[in-house]
Amino acid sequence: IHHIPPVDLGHVDLVDTPDALGLLLETYLSLGDLHPAFDLAFRWLELHRPAPLGHGLVHGDFRLGNLLFDSSGLAAALDWEITHFGDPGEDLGWLCVRAWQFGGAKPVGGIGDYQELLDAYEAASGTRVDPTALRWWEIYGTLRWGVICLQLGGDFRAGRSGSVEMATIGRRVVENAYDVLRLLP
């Protein structure tokens, strides 16, 4: 996925997000519902940005729940609606967000270890990822999921959505606040 350059997509018009953190901060501030743990995470992420892994196609919701497997291995990736161009580290970190472990004991999707992910990614892509960069993207992903929960819960509370699912997701803000605090050094 990450090696697909913009020129190969022809007429498909995807957003280019070279500064994912800046865009997330804009979204967060626009909600007007600030949380101290998120504020701390934004400050830490800004101060500890890793060098970019590159710039390419980012799935945006790359996690086991969006992958289909058959007897030969990976058969398909689903849910491409937030695909964009940016740093591939975003997908790697998203795969490590605790919400996508679904109770599994291991940090990568509940089924793998960090080093296994890093080794497999390097073997498949030729790109070596520093563990501290992966950690940064995991914290970013956790914060991103927290902001998404905040936004969806706010939409429900403001009457912009009557979805019980959105209200349920909105209550998960505190889980992500806890998770970012747990992840920060």
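For region 16-82 and region 85-164, write down the distance between their C-alpha centroids in whole Å.
7
Averaged per residue, what accessible surface does region 55-185 expose to a 1.4 Å probe, in Å²? Each step should come with its number before you reach the end.
Values: 6250 Å² over 131 residues.
Dividing the accessible area of region 55-185 by its residue count gives 48 Å².
Counting pairs of Cα atoms in region 86-150, how many percent are more than 17 Å apart?
37
How much of the calculated P(r) for region 1-111 lies past 22 Å, in percent of all Cα pairs?
Summing the P(r) of region 1-111 above 22 Å gives 44 percent of all pairs.
List the equivalent ellipsoid semi-axes of region 68-185 in whole Å, largest first, each obtained as the square root of 5λ for an eigenvalue λ of the Cα gyration tensor. Walk me through the numbers on the way to the answer.
Values: eigenvalues 152, 63, 38 Å².
Semi-axes, largest first: 28, 18, 14 Å.
Could you look at the chain and say what percent of its accessible area is carbon and sulfur, using a 1.4 Å probe and all protein chains? Don't jump to the answer; show the numbers that get you there.
Values: 5820 of 9850 Å².
Heavy-atom surface of the chain belonging to carbon and sulfur, 1.4 Å probe: 59 percent.
Once you put a point 7 Å from the Cα of R157 and another 7 Å from the Cα of A77, both along the Cβ direction, what distance in nm separates them?
3.4
Using DSSP to define loop residues, name the trypsin sites (Lys or Arg not before Pro) in region 85-185 whose beta-carbon has at most 14 other beta-carbon atoms within 10 Å. Can you show the working numbers first?
Details: sites: R98, R128, R135, R144, R157, R160, R171, R172, R182; in loops: R128, R160, R171, R172.
Filter output for region 85-185: R128, R160, R171.
Are there any GluC sites (Glu not before Pro) in region 1-92 that are in a DSSP loop and have at most 13 other Cβ atoms within 10 Å? List them by number.
Numbers: sites: E26, E46, E81, E90; in loops: E81.
Of the GluC sites (Glu not before Pro), the ones in loops of region 1-92 whose Cβ has at most 13 other Cβ atoms within 10 Å are E81.
What do you get for the angle between helix 114-125 and the principal long axis of the chain? Use alpha-carbon atoms, 0 to 90 degrees, nearest ten.
50
In nm, to one decimal, how far is the modelled label at D39 from the one at I111, with both set 7 Å along Cα→Cβ?
Placing both labels 7 Å along Cα→Cβ, they lie 4.1 nm apart.
Could you give the nm distance between label points at I4 and L47, where each point is 7 Å from its Cα heading toward the beta carbon?
With each label placed 7 Å out from Cα toward Cβ, I get 3.8 nm.
The values are calculated or read from the model by the stated rules, or taken from the named source; none is laboratory data. Nothing here was measured: the structure is a model prediction, and the numbers come from that model. Cβ atoms come from the backbone with ideal geometry, glycine included; neighbour counts cover every protein chain shown. Remember, those area values only see protein heavy atoms, side chains included, never the ligands or the DNA or RNA. Shrake-Rupley method; radii C 1.70, N 1.55, O 1.52, S 1.80 Å.
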